[in-house]
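Visitor: Can you keep this structure in mind? I'll have questions shortly.
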Amino acid sequence: GTKEPAEPKKPAEQRVCAMEPPASAEVPPEVAFSASCMRCGMMLRIIDNLPPEVDVNQSFRGAIGDSFVVVPTSNPDEFLEHRNGGSLPSDDMPRADGQPHVASFAEVSRVEKIMALASGQTEQDHPVCADCLRNVVAEVQRQLDEAAEEHRVYREAHRRLEEELAGFSSEEQAALEAEIAEMEAEEQRLLQELASCETEERELKEALERQRRQDEQLQREEEEFWLSVAEYQLDLDECEDERAATKSAIEYATSELNRLKRTNVLNDMFHIAEEGPFGTINGFRIGRLPDQHVPWEEINAAWGQACLLLDALVKKCGVPLPQYKLLPRGSYSAIQVDGHVFELYSNDGGLARFNKNRRFDLAMSAFVKCLKEVMRFLRRDPNMKEPVKIEDDKVGGFSVRMQFNHDERWTKALKFLLTNLKFLIAFVESRDFGERAQVAH
């Protein structure tokens with residue numbers, strides 16, 4: 001340990017923890033540094049008076065106490081170097097140029113190496129103040145006294161054991177040695193068992209750690225799973241809402257479609273009825289009698305409605321008519337036959353009436369033949385039965401031609417013509433025909 005010299009008479013704030021160098025030794029220039037005690041934290045001033053030629057990189061046990069002085073300082077910011085011929089540095093003694101000299105890097109490194117060497121050779125880190133050093137020395141002395149007492153107790157026990165062994169016979173000594181050997185073997189077995197238990201404990205800890213990590217992984221996966229379940233549930237709810245909305249839209253569209261299917265559009269658009277000896281379509285009479293003069297404007301309008309109705313039936317049923325083409329134009333409708341157009345209207349006309357009536361007769365005959373083609377096309381359905389038979393230009397045995405015909409017969413033929421048209425409306429608009437037409441297509 002460090003020697004405790006008799007304390008010289010110094011100011012109270014300047015206590016030393018190491019011996020001053022001998023008077024006969026050459027006093028090297030002193031360098032002062034500021035530091036703190038490693039135990040109590042008191043601010044210290046370290047004075048390096050170790051000769052410059054000493055190699056601080058080597059161990060110098062015993063020379064530390066004669067090489068530096070540690071004193072407390074009241075100024076923690078003081079970290080200045082002064083060379084004043086051996087006395088402690090102070091602010092009243094500046095350098096020759098009047099400015100304080102800051103320690104160089106080499107000088108600071110030198111003191112750090114000294115502190116490191118001192119810390120490596122003792123159990124206490126350096127630097128420390130004098131009070132703390134005394135406490136360290138006292139603690140070391142206490143430990144030394146305890147070790148000496150234990151050594152004395154062990155020596156006493158060893159002496160008594162030797163006295164006891166001296167009184168044993170050779171057989172007792174052999175038995176004791178055998179017992180000792182057995183106990184040593186038992187100790188080795190227990191040590192091996194202990195090592196095995198430690199190994200097993202280490203393996204169990206590793207397995208426990210793996211289980212813990214696996215449990216954490218499973219918890220994370222469970223959280224992710226429930227998040228995905230929640231997202232899936234949201235998507236499912238949205239899909240269910242969309243499905244319900246789509247189902248409602250389909251049901252509404254189906255009900256509307258069924259309603260439209262049940263609606264007889266052609267019957268609503270073309271109302272065919274009887275008015276005495278005349279047949280009417282949308283209120284227009286068709287035909288004339290000697291005693292009931294029907295104006296040609298009304299007859300022409302009725303033929304225009306009949307032409308429009310037959311054209312609608314042809315298009316709805318998809319009847320192919322390569323020879324005929326209906327031209328519904330209201331009161332001035334016509335029909336085209338092999339590229340020739342014949343008018344479905346007439347008038348009194350004076351001298352030109354004969355030629356017009358001939359073309360009017362050709363148009364009415366072509367209309368009847370066109371109606372015959374439509375009914376022949378629909379007759380593929382076994383439920384199709386024409387109410388009034390059509391042969392050439394005759395309907396129910398009465399010709400639709402006007403020339404060389406009586407008004408009564410002509411009017412009756414036109415009435416039967418409207419009867420067939422009304423039957424076609426009912427047949428085409430029936431659900432049974434709609435289903436059969438879909439199967440055919």
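The values are calculated or read from the model by the stated rules, or taken from the named source; none is laboratory data. These numbers come from a predicted model, not from an experiment. Don't worry about glycine lacking a Cβ; one is built from the backbone with ideal geometry, like all the others, and counts go over all protein chains shown. These area figures cover heavy atoms from the full protein model, side chains too; ligands, DNA and RNA do not enter into them. Shrake-Rupley method; radii C 1.70, N 1.55, O 1.52, S 1.80 Å.
Visitor: With labels modelled as points extended 7 Å from the Cα through the Cβ direction, what inter-label distance (nm, one decimal) is found for HIS340 paired with GLU179?
Guide: Roughly 15.2 nm, to one decimal.
Visitor: Using r as the Cβ-Cβ distance of CYS317 and GLU240, and R0 as 41 Å, what FRET efficiency do you calculate, to the nearest 0.05?
Guide: The value I calculate is 0.40.
Visitor: Write down the Å³ per residue value for the convex hull defined by the alpha carbon atoms of the range 205-273.
Guide: Spread over its residues, the Cα hull of the range 205-273 gives 64 Å³ apiece.
Visitor: Between ASP131 and HIS293, what length in nm is gained on full extension when 0.36 nm per residue of separation is reduced by their alpha carbon distance?
Guide: Contour length minus Cα-Cα distance gives 43.3 nm.
Visitor: Also: Would you please give the FRET efficiency between ARG142 and LYS113, computed as 1/(1 + (r/R0)^6) with r the Cβ-Cβ distance and R0 = 30 Å, to the nearest 0.05?
Guide: 0.45
Visitor: Sticking with this one: Please go through the residue pairs LYS315/LYS356; LYS369/LYS412; LYS325/LYS372 and name each one whose alpha carbons sit more than 23 Å apart in this structure.
Guide: Result: LYS315/LYS356 exceed 23 Å.
Visitor: Quick check: pseudo-label points 7 Å beyond the Cα along Cα→Cβ at THR254 and GLU231, how many nm apart are they?
Guide: Distance between label points: 3.5 nm.
Visitor: At a Förster distance of 25 Å, what's the computed FRET efficiency of GLU172 paired with GLU193, Cβ-Cβ distance as r, to 0.05?
Guide: Working from the Cβ atoms, E equals 0.25.
Visitor: Share of the range 281-408's accessible area from carbon and sulfur, percent, 1.4 Å?
Guide: 52
Visitor: Taking 0.36 nm per intervening residue step and subtracting the Cα-Cα distance, what contour gain separates LYS205 from MET269 on full extension?
Guide: Net length gain for the segment: 13.7 nm.
Visitor: OK, next. About its Cα centre, how strong a charge dipole does the range 174-319 have in debye, to the nearest 20, once Lys and Arg get +1 and Asp and Glu get -1 at the Cβ?
Guide: 3100
Visitor: When the Kirkwood hydrodynamic radius is evaluated over all pairs of different C-alpha atoms of the range 301-345, what value in angstrom, to one decimal, is obtained?
Guide: 10.5
Visitor: I would also like to ask the following. How big is D for the range 310-412, in µm² s⁻¹ as a whole number, if Stokes-Einstein is applied with the Kirkwood radius of its Cα pairs at 37 °C and 0.692 mPa s?
Guide: 223
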